[in-house]
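Asker: Here you go, one structure.
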Amino acid sequence: METTRLRLRINGSEREVSADENVPLLDVLREACGLKGTRFGCGVGECGACHVLVDGVSTPACDTPAWTAQGKEIVTVEGLARNGQPGALQQAFLEEQAGQCGYCLSGILATASALLARVPHPDEQQVRTALDGHLCRCGAHNRIVRAILRASKAGGQA
């Protein structure tokens, strides 16, 4: 494979990295950029653990070639924090104790953030539909839904 230079805008900062031509965005985020919050799950975009925001759309980073994200705004779970503190959505997850092992949460937070940007005050069914492609083996689904609804009432997407 041929190595190429990628210019990516990640969490508000411009990054230039060298990577194989078709390397997944997940690998660039975790290895080249050191952003370990985004998780590898299934590797085929089915479990939701690797979701990040690309131009505001929840996107599986494991099967998205990094070169396709050039010129777009990428936001990882680390980018949802504000001034080093949890964003409103992250805070709601803490208050609802929505995470158990936490492996799935970075992807769920990305998808929830995208949902709240589109629908600031979703109902429970809209939240459940948005999260349909995310697996949580701990069974924390109800707490996750409550956290997203709490964040929507607090008026915070990030």
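The values are calculated or read from the model by the stated rules, or taken from the named source; none is laboratory data. Everything quoted here is computed from the prediction, not taken from an experiment. All Cβ positions, glycine included, derive from the backbone under ideal geometry; neighbour counts span all protein chains shown.
Asker: Are there any helices (runs of 4 or more DSSP H) wholly within the stretch 75-158 with 3 or more residues that are touching a Cys at 6+ places or on another chain (Cβ under 9 Å) and closer than 27 Å to Gly34 by Cβ, and if so which?
Answerer: Values: elements: 88-95, 105-118, 124-130, 141-154.
Filter on the stretch 75-158 gives 105-118.
Asker: Considering the stretch 47-57 alone, what residues qualify as being crowded, with 22+ Cβ neighbours inside 10 Å and not aliphatic (A, V, I, L, M)?
Answerer: Cys47, Gly48, Cys50, His51
Asker: Would you mind telling me which numbered condition in (1) surrounded by fewer than 20 Cβ atoms within 10 Å (Cβ to Cβ); (2) outside the structural domain of Arg30 (by TED's automatic domain parsing); (3) assigned to a helix (DSSP H, G or I) Thr68 fails?
Answerer: Status for Thr68: all satisfied but (2).
Asker: Taking Asp27 as meeting all but one of (1) under 28 Å from Ala154 (Cβ atoms); (2) part of a helix (DSSP H, G or I), write down the number of the exception.
Answerer: It is condition (1) that Asp27 fails.
Asker: Right, next: Could you grab me the full set of residues in the stretch 102-158 that are modelled with pLDDT under 95, surrounded by fewer than 22 Cβ atoms within 10 Å (Cβ to Cβ) and touching a Phe, Trp or Tyr at 6+ places or on another chain (Cβ under 9 Å)?
Answerer: Arg137, Cys138
Asker: Return the residues of the stretch 1-24 that are assigned to a loop (DSSP other than H, G, I, E, B) and either surrounded by fewer than 19 Cβ atoms within 10 Å (Cβ to Cβ) or in contact (Cβ under 8 Å) with a residue 60 or more places away in the chain (or both); say none if nothing qualifies.
Answerer: Met1, Glu2, Asn11, Gly12, Glu21, Asn22
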